[in-house]
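Participant: Have a look at this one.
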Amino acid sequence: MRLRFLIFSLFVFPIAVFAQKTGPERDWTNAVLWQQYSGEYRALAFQAYNFARLSLKEALWEQSNGKPNCVIVDADETIIDNSRFQGYEIKNGVSYVPAHWTEWTSKAMADTVPGALSFLKFAASKNVETFYVTNRDEADRKGTIENLKKLGFPYVDEAHVLLKSTTSDKQERRNKILEKYNVLLLCGDNLSDFSNVFYREGKDTKEQVDANQHLFGIKFIVLPNPMYGDWEKLLYKEGKYNEQEKAKQRLEKLKSY
């Protein structure tokens, strides 16, 4: 009997330990795989930037107030793809470690989001400047600029790369650009990349989306990002929770019948 139990334990216990260790992180595995492997992800990214190109042409036709023109883009999951970083975190049994992120950005290894580079090169050919308004930290500046330059993005310099300083609300940085430029359109994967009417920490923004529906695909170009974003904050109750507790809350939030 003891021998049987020992054999059973050798097979079952490692499986149980593995499941316990990787359970919460596995919630994100399909999201990362979808971004890395699906044709649908690429199609949606191309679709977004095709709309951006059409909207830019129309805006250029209408714009004539004397200021130089520009577009504002977010960086992560808008023009560059960090799914390899997310894959690294999953394989290491964590969801996000700041030190890992700093290490990743310093490598300048992120690839382009499909369609992003050709769109911004097209904008540059029309004398439309690009401002990169990102919530990466100052510690990420060198790697970010190196990465963008390596990929061939236009207008990559200290003046056009605006990182987070004191707040993740990008409105102040957008306002500074608006003082001197016509902002023809904005591209982002998070609603707060477009306006601070969407900057709602942990609150539902669907009402604001409905009120501004006429701007999506015209002034606001949204890129798909199933891996992370402000939308996640809606899933958790107030307080600090470990990964196992967060996984439980995510499961509880699923709509079913």
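Participant: Can you spot a residue in the stretch 161-181 that is without any contact (Cβ under 8 Å) to a residue 12 or more places away in the chain, under 23 Å from R53 (Cβ atoms), among the aliphatic types (A, V, I, L, M) and assigned to a helix (DSSP H, G or I)?
Facilitator: yes
Participant: Please work out which one of (1) farther than 19 Å from R174 by Cα; (2) assigned to a helix (DSSP H, G or I) is the condition A59 fails and give its number.
Facilitator: (1)
Each row is one residue, and each column tells you yes or no for (1) more than 25 Å from V113 (Cβ to Cβ); (2) not polar (S, T, N, Q).
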{"site": "K142", "(1), (2)": "no, yes"}
{"site": "K150", "(1), (2)": "no, yes"}
{"site": "L163", "(1), (2)": "no, yes"}
{"site": "K170", "(1), (2)": "no, yes"}
{"site": "N175", "(1), (2)": "yes, no"}
{"site": "S192", "(1), (2)": "no, no"}
{"site": "K219", "(1), (2)": "no, yes"}
{"site": "M227", "(1), (2)": "no, yes"}
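Participant: Among the helices (runs of 4 or more DSSP H) confined wholly to the stretch 67-143, which include 3 or more residues that are aliphatic (A, V, I, L, M), touching a helix residue (DSSP H, G or I) at 6+ places or on another chain (Cβ under 6 Å) and on the phi < 0 side of the Ramachandran plot?
Facilitator: Result: empty, no element qualifies.
Participant: Okay, next question. Could you check, for the stretch 115-130, whether at least one of its residues is touching a strand residue (DSSP E or B) at 6+ places or on another chain (Cβ under 9 Å), surrounded by 18 or more Cβ atoms within 10 Å (Cβ to Cβ), in contact (Cβ under 8 Å) with a residue 60 or more places away in the chain and under 30 Å from D27 (Cα atoms)?
Facilitator: Checked against the condition, which is being touching a strand residue (DSSP E or B) at 6+ places or on another chain (Cβ under 9 Å), surrounded by 18 or more Cβ atoms within 10 Å (Cβ to Cβ), in contact (Cβ under 8 Å) with a residue 60 or more places away in the chain and under 30 Å from D27 (Cα atoms), the stretch 115-130 yields at least one hit.
Participant: Residues of the stretch 146-162 being of a type in the set (A, V, I, L, M) and crowded, with 18+ Cβ neighbours inside 10 Å, which ones?
Facilitator: Matches in the stretch 146-162: L148, V156, V161, L162.
Matching residues to (1) farther than 21 Å from L191 by Cα; (2) touching a Leu at 6+ places or on another chain (Cβ under 7 Å); (3) modelled with pLDDT of 95 or more; (4) not acidic (D, E):
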| site | (1), (2), (3), (4) |
| --- | --- |
| K57 | yes, no, yes, yes |
| W61 | yes, no, no, yes |
| P68 | yes, no, yes, yes |
| F85 | yes, no, yes, yes |
| K91 | yes, no, no, yes |
| W104 | yes, no, yes, yes |
| P114 | no, no, yes, yes |
| F122 | yes, no, yes, yes |
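Participant: Confirm whether I79 is of a type in the set (A, V, I, L, M), in contact with a Ser or Thr (Cβ under 8 Å, 6 or more places away or on another chain) and farther than 26 Å from V183 by Cα.
Facilitator: Against the criterion (of a type in the set (A, V, I, L, M), in contact with a Ser or Thr (Cβ under 8 Å, 6 or more places away or on another chain) and farther than 26 Å from V183 by Cα), I79 does not qualify.
Participant: Considering only residues that are farther than 19 Å from G87 by Cα and part of a helix (DSSP H, G or I), look in the stretch 224-245 and name the one that is nearest to the chain's Cα centre (by Cα).
Facilitator: D230
Participant: Now a separate question. I want to confirm something. Restricting to the stretch 47-87 and keeping residues that are over 17 Å from E129 (Cα atoms) and among the small types (G, A, S), which single residue is surrounded by the fewest Cβ atoms within 10 Å (Cβ to Cβ)?
Facilitator: If we take residues in the stretch 47-87 being over 17 Å from E129 (Cα atoms) and among the small types (G, A, S), then G87 is surrounded by the fewest Cβ atoms within 10 Å (Cβ to Cβ).
Participant: Same structure again: Which one is nearest to E62 (Cα to Cα), of the residues in the stretch 210-232 that are in contact with a strand residue (DSSP E or B) (Cβ under 8 Å, 6 or more places away or on another chain) and hydrophobic (A, V, I, L, M, F, W, C)?
Facilitator: The extreme case among them is I218.
Participant: To continue, here is another question. I'd like to check something: does the stretch 28-46 contain any residue that is surrounded by 18 or more Cβ atoms within 10 Å (Cβ to Cβ) and farther than 24 Å from D193 by Cβ?
Facilitator: There is no residue in the stretch 28-46 that is surrounded by 18 or more Cβ atoms within 10 Å (Cβ to Cβ) and farther than 24 Å from D193 by Cβ.
The values are calculated or read from the model by the stated rules, or taken from the named source; none is laboratory data. Just so we're clear, the structure is a prediction, and the values are computed from it rather than from any experiment. So basically every Cβ, Gly included, is an ideal-geometry build from the backbone, and we count neighbours across all protein chains shown.
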